Amino acid sequence: MLKKLFFNWKMNPTSPNEASSLFAEFVSLAQSQPQISLVVLPPYVYLSELNQQLQTSGVTNLKLGAQDLARHSAGAYTGQISGQMLKNMGCQYVLIGHSETREAYQLSHEQINQKLLQSLESGLVPILCVGHQSDKTITEINYPELSEQVTTALQNLPTEFKTEFYLAYEPVWAIGTGKTATNSIIEEVSQFLKQELAKLGLAKQVGILYGGSVDDVSIQELVKLQQVDGFLIGGASLKPEKFKTIAQVVANQV
Ligand code: PEP
């Protein structure tokens, strides 16, 4: 199966016009590569307009997602955006526990779990990010930390839970640095994550993603990964020539 691509715009761009022009490049990419599934994760404020643009385009292999959601469903939580609001805006996916969000809000494992449960309750597909939160430059893998991130986030899931679901392995030192983990490390960690998921009875339904400086150059090697089902792309999401090359390389994957 072709790898699925998720594009995290982070806190970019600065105006609706720029957001619309950038999104138009994703629409044209989706039209020219109908076999690839693309998900764009823009800032909240652009979701409504981009959803209109998406509906007008008629493309079906491009979806929208959000970069975070609230831990609660409604109420006195100033500044927060609920899962149901996102769903009603046309979102189908939501990032949970991105390392930048974990750090900015000092999120606990319990809070990540609450967000995850909210995403499922709202009918959003979660993309749970895990990585070496404590290590900045190492290639040694902090398995206990990864295990804790996965098992605590996935507590108390509804028993009838059957939705699409992604686990994104993002070593913190690789995000936005131009450094990627080697394929052998990514394969090893993906295998480990699958074992952790198997213990929770979730091995089959959860797709594994890799994120961390995926760009038009690093994708040439990363596309060879056997254990991952897709990529989470940050900085290169803002550069049409880069994300189009990434998609082309993935489309050429045998
Ligand atoms: C990300 O935002 O999840 C990410 C991996 O960023 P970058 O591709 O810029 O490293």
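Treating cross-link reach as a plain straight distance, find the aspartates and glutamates whose alpha-carbon is under 17 Å from the alpha-carbon of K194, omitting any fewer than eight places away in the same chain.
Leaving aside aspartates and glutamates fewer than 8 places away in the same chain, those within reach of K194 are E145, E148, E164, E170, D229.
For labels at K179 and L200 in the simple 7 Å Cα→Cβ model, what's the distance in nm?
Inter-label distance under the simple model: 2.8 nm.
By how many nm would the segment from V217 to L2 lengthen if fully extended, with 0.36 nm per residue of separation less the alpha-carbon distance? Write out the running numbers ahead of the final one.
Numbers: separation 215, 0.36 × 215 = 77.40 nm, distance 1.86 nm.
Net length gain for the segment: 75.5 nm.
Please calculate how many Å² of accessible area the range 46-165 carries per residue, with a 1.4 Å probe and no DNA, RNA or ligand atoms counted. Let's see the in-between values first.
Details: 5830 Å² over 120 residues.
Heavy-atom SASA per residue in the range 46-165 reads 49 Å².
For the range 93-109, what does the Karplus curve 6.51 cos²θ - 1.76 cosθ + 1.60, with θ = phi - 60°, yield as ³J(HN,Hα) per residue in whole Hz, taken in order and with x for Gly and Pro?
Along the range 93-109, the couplings run 10, 8, 7, 10, x, 4, 4, 5, 6, 4, 6, 4, 10, 6, 6, 8, 4 Hz.
From the phi of every residue in the range 47-58, what ³J(HN,Hα) in whole Hz does the Karplus formula 6.51 cos²θ - 1.76 cosθ + 1.60 yield, where θ is phi - 60° and glycine or proline is x?
Those phi angles translate into 4, 4, 5, 5, 5, 4, 4, 5, 4, 5, 5, x Hz.
If you take the beta carbon distance between Q226 and T101 as r and set R0 to 41 Å, what does 1/(1 + (r/R0)^6) give as a FRET efficiency, to the nearest 0.05? Mind dumping the intermediate values first?
Working: r = 29 Å, r/R0 = 0.72.
Once the sixth-power term is evaluated, E becomes 0.90.
Would you please give the residues with an amide H less than 5 Å from that of V94, counting only those at least 5 places away or on a separate chain, with H modeled from the backbone geometry?
The list, which skips near neighbours in sequence, is A66, V125, I127.
Between Q253 and E49, how many nm apart are label points set 7 Å from Cα along the C-beta direction?
Calculated label separation equals 3.3 nm.
So what is the relative contact order for the chain, in percent, with contacts set as C-alpha pairs under 8 Å and at least six apart? Show your work: numbers first, answer last.
On the way: 459 pairs, mean separation 51.4, N = 254.
It rounds to 20 percent for the chain.
Past 30 Å, Cα to Cα: identify those pairs from K115/K242; K10/K224; K87/K224; K162/K239; K63/K224, in the order given.
Working: K115/K242 32 Å; K10/K224 27 Å; K87/K224 34 Å; K162/K239 35 Å; K63/K224 25 Å.
Violating the 30 Å Cα-Cα cut-off are K115/K242; K87/K224; K162/K239.
Please quote Rg/Rh for the chain to two decimal places, taking the Kirkwood radius as Rh and restricting both calculations to Cα atoms. All intermediate terms of the calculation are to be shown ahead of the outcome.
Numbers: Rg = 17.1 Å, Rh = 18.2 Å.
A ratio of 0.93.
Considering only T78, T152, T101, give the residue with the highest GNM mean-square fluctuation for the chain, with springs between Cα atoms whenever their separation is below 10 Å.
Greatest mean-square fluctuation among the candidates belongs to T78.
Could you run the Karplus curve 6.51 cos²θ - 1.76 cosθ + 1.60 with θ = phi - 60° over the range 141-152 and give me ³J(HN,Hα) per residue in whole Hz, x for Gly and Pro?
Running phi through 6.51 cos²θ - 1.76 cosθ + 1.60 with θ = phi - 60° gives 9, 8, 4, x, 5, 4, 4, 5, 4, 6, 5, 6 Hz.
On the protein heavy atoms, probe 1.4 angstrom, tell me the percent of accessible surface of the range 175-254 carried by carbon and sulfur.
Whole-percent figure for carbon plus sulfur exposure: 51.
Anyone know which of A203, A174, A76 comes out most mobile in the 10 Å Cα GNM of the chain?
Checking each option, the largest mean-square fluctuation is seen for A76.
Could you give the distance between the Cα centres of the range 61-137 and the range 1-48, to the whole Å?
18 Å
Along the Cα→Cβ direction, 7 angstrom out, place labels at M89 and S32. What is the inter-label distance in nm?
Once both label points are built, they end up 2.9 nm from each other.
For L209, enumerate residues with amide H under 5 Å from its amide H, sequence gap 5+ or separate chain, H modeled in the peptide plane.
L167, A168, Y169, D229
Assuming R0 = 22 Å, can you tell me the calculated FRET efficiency for the pair K10 and S108, based on Cβ-Cβ distance, to the nearest 0.05? Write down the numbers at each step before the final one.
Working: r = 23 Å, r/R0 = 1.02.
With a Förster radius of 22 Å, E is 0.45.
The values are calculated or read from the model by the stated rules, or taken from the named source; none is laboratory data. Predicted, not measured: the structure shown is a model, and the values here were computed from it. Glycine also receives a Cβ, built like all others from the backbone with ideal geometry; neighbour counts cover every protein chain displayed. Note: accessible area is taken over every heavy atom of the protein model, side chains too, but ligands, DNA and RNA are not part of it. Shrake-Rupley method; radii C 1.70, N 1.55, O 1.52, S 1.80 Å.
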